Each structure stands twice: as C-alpha cells, then as structure tokens.
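*Asks:* Sharing a structure, written as structure tokens. Questions coming.
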Amino acid sequence: MAITPFFTVAPQHVQVALLALMRLNGMMLMAPPFNQPVIPVQARMGMAFALVLLVWNSLLASAPPLAGDVLMLAGLGASEMVVGLTIGFIARLVMTAASLGAELIGVQIGYGLASLIDPVQNTQLNVLTRLYDWAMLGIFLALDIHHVIISAVVESFRVVPPGTPVLSAAALAGIVPLGGHMFAVGLALVAPILGVLLLTHLVLVLAARAVPQINLMSVGFPITVLVGLVALLTTLDPMAGIVGRELRGLEGALGALVRSFASGR
C-alpha cells in the first residue's frame, strides 16, 4: 500500500516562489529601510520569505507555466529582479534627493575638509550628509512609507503575477521624469541655505579686498560654518514639509509604476 505524503510541492510552486523572492529581494536591495547595510542578509531573506507566505494563495492562483529551459527561467528571474529594483528605486528617490542637497551644503559650509569614511556604508561622506540621511530615514519610518512600499509590491503581484514579462520601453519611461523631479526637490531643499552662503562668501571676499591684512581662511571658515548652521536650523521646518509632501506622494508614484508595468504586458 502506497503511503500518501502529507503535502507535496510541485515544480510549478517552487518556480513561482523563487520568482516572487527575486522581486522582493530586488525591492529590498534599493528601498529604505531594507537596504541599510546594518540589516543582515539573512533578515532580508526571512522578511521576503514571510511576505511570500502571506500572499501564497494569490500567487498560486496566477502561477505561470513551467519554464521550458534554464535560459527562459533566468530571463524570468531577471525580469522579476528589475521589477523589484524599479519599485525600490522609486521609493529611494526622496532619500537620494535629501542626500544630494546635504552634500551640496556640506561642501559650501566647509565640511568637505573634514569628510570621513563611513564604516557602515564604506563611503566617504561629510557629517551633514550622514545627519540628513538619518533624519530623512526617521521621517520615512514615522510616515509609514515602508508599509506603502510593501503594499506596492503586494499589489504588483496581483497586477503583474510572477513570471509575466513586463519589461518594455513604455513601462520604464516614467522613471526618467521622476528622477528629474527628485533632482529639483534636492535643490529646493537647500536653495535658501545656498543663497545665504553665497552672500556670506561675497561679503568675505569684499572684506578681504578692502582689508588685505585679513586672513580669509582663518576668519572666513568659522563665519561660514556659523552662518550655514544658523541657516540650516531656520529652514528645518520648511524642509520637513517638503520631504513629507514628497514622501506622501510616493504612494501615487508607486501605483502609477505598477499600472505602467501592467500596460507593458
């Protein structure tokens, strides 16, 4: 008498699980806070596996047929990874815009002279950029944007099931305007401070021309740092408003991205 196993795993189930994991891991490689190097790879894989289990019934309902060969399976996996990376990239744009603005301010104030090697990200950053990164991450978590990202990925499983070819020029064309918009946001965050620093440098240069005995390096550096910090403190509230507005708009941007993938099917 043959013994019937308690449960069976069909090859089609393994394929859909692997494709879903590829999409989720692609998102976690780009989207904050999942992309932080302090989060172990094992923890990311565990979160991705848990999300797959939560949507397992819907994944099985739209499971694609088995791939004919290894090359076809690799192509489907690459497509899923690109979908996840794209979702994470859109979610990361606001953080990148804030980092860009902080880097510009840090160089103008003079923090570039004291740049440091970040032991976490293994990159050379000034102190102000790192401070902006942590502040923006705090706002990101306070507004529950990480839940918005997870909802967008789960919604993408419903709109474009794993194994569905979605890559097209029309589907990816909407990313370019968003990148330009985030560059403008980064400049808007620091434009008042850059204006104040420009006037400060102009005054220092005129003072040095009027009184050549002034050592511009020894006198101008502390003045620039002080003016920059005061301008930064006075513009924190408008900055938080701009960042909050852009982060709240991510839900619509991610929804439009998922719909564009659906139109590329």
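*Asks:* For the stretch 234-262, which residues satisfy the criterion of being β-branched (V, I, T) and farther than 17 Å from V160 by Cα?
*Replies:* Once the filter is applied, which keeps residues that are β-branched (V, I, T) and farther than 17 Å from V160 by Cα, the stretch 234-262 yields T234, T235, I242, V243.
*Asks:* Now, a different point. What's the number of the condition S151 fails, among (1) crowded, with 20+ Cβ neighbours inside 10 Å; (2) in contact with an Asp or Glu (Cβ under 9 Å, 6 or more places away or on another chain); (3) at pLDDT 80 or above?
*Replies:* (1)
*Asks:* Oh, and also: Sort out which residues of the stretch 238-249 are of a type in the set (G, A, S) and part of a helix (DSSP H, G or I), and write them in order of number.
*Replies:* Once the filter is applied, which keeps residues that are of a type in the set (G, A, S) and part of a helix (DSSP H, G or I), the stretch 238-249 yields A240, G241, G244.
*Asks:* Sticking with this one: List, please: which pairs have Cβ atoms under 6 Å, are six or more places apart or on different chains, and start with a residue in the stretch 174-198 that is more than 14 Å from A98 (Cα to Cα) and end with one that is of a type outside the set (S, T, N, Q) and surrounded by 15 or more Cβ atoms within 10 Å (Cβ to Cβ)?
*Replies:* Partner pairs satisfying both residue conditions: V196/A231; L197/G228.
*Asks:* Looking at the stretch 34-70, which of the residues that are small (G, A, S) and not in a helix (DSSP H, G or I) is farthest from H13 (Cα to Cα)?
*Replies:* In this case the residue turns out to be G68.
*Asks:* Still on this model: With respect to the numbered conditions (1) modelled with pLDDT under 85; (2) in contact with a helix residue (DSSP H, G or I) (Cβ under 8 Å, 6 or more places away or on another chain), which one is the sole condition not fulfilled by M217?
*Replies:* Result: M217 fails condition (2) only.
*Asks:* Looking at the stretch 92-109, can you tell me whether even one residue there is of a type in the set (D, E, K, R), free of Cβ contacts under 8 Å to residues at least 40 places away in the same chain and more than 19 Å from M136 (Cβ to Cβ)?
*Replies:* No: the stretch 92-109 contains no residue that is of a type in the set (D, E, K, R), free of Cβ contacts under 8 Å to residues at least 40 places away in the same chain and more than 19 Å from M136 (Cβ to Cβ).
*Asks:* Any chance you could count how many residues in the stretch 245-262 are loosely packed, with under 15 Cβ neighbours inside 10 Å, touching a Leu at 6+ places or on another chain (Cβ under 8 Å) and of a type in the set (G, A, S)?
*Replies:* Final tally of qualifying residues: 0.
*Asks:* Can you name the residue in the stretch 1-26 that is in a loop (DSSP other than H, G, I, E, B) and modelled with pLDDT of 65 or more and, of all such residues, is nearest to A67 (Cα to Cα)?
*Replies:* Only one residue fits best here, namely A10.
*Asks:* Quick check on the stretch 71-87. Is at least one of its residues surrounded by fewer than 15 Cβ atoms within 10 Å (Cβ to Cβ), touching a Lys or Arg at 6+ places or on another chain (Cβ under 8 Å) and in a helix (DSSP H, G or I)?
*Replies:* no
*Asks:* State all residues of the stretch 206-237 that are part of a helix (DSSP H, G or I), loosely packed, with under 14 Cβ neighbours inside 10 Å and either among the acidic types (D, E) or free of Cβ contacts under 8 Å to residues at least 12 places away in the same chain (or both); if no residue qualifies, say none.
*Replies:* Matches in the stretch 206-237: L206, R209, A210, M217, S218, P222, L226, V230, L233, T234, L236, D237.
*Asks:* May I ask you to list pairs of residues, at least six apart or on different chains, whose Cβ atoms are under 7 Å apart, with the first in the stretch 14-39 being in contact (Cβ under 8 Å) with a residue 60 or more places away in the chain and crowded, with 21+ Cβ neighbours inside 10 Å and the second being among the hydrophobic types (A, V, I, L, M, F, W, C) and not in a helix (DSSP H, G or I)?
*Replies:* V16/A63; M28/F34
The values are calculated or read from the model by the stated rules, or taken from the named source; none is laboratory data. Only a predicted model underlies this, so the values are computations on that prediction, with no experimental measurement involved. All Cβ positions, even for glycine, are placed from backbone atoms using ideal geometry, and neighbour counts span all protein chains on display.
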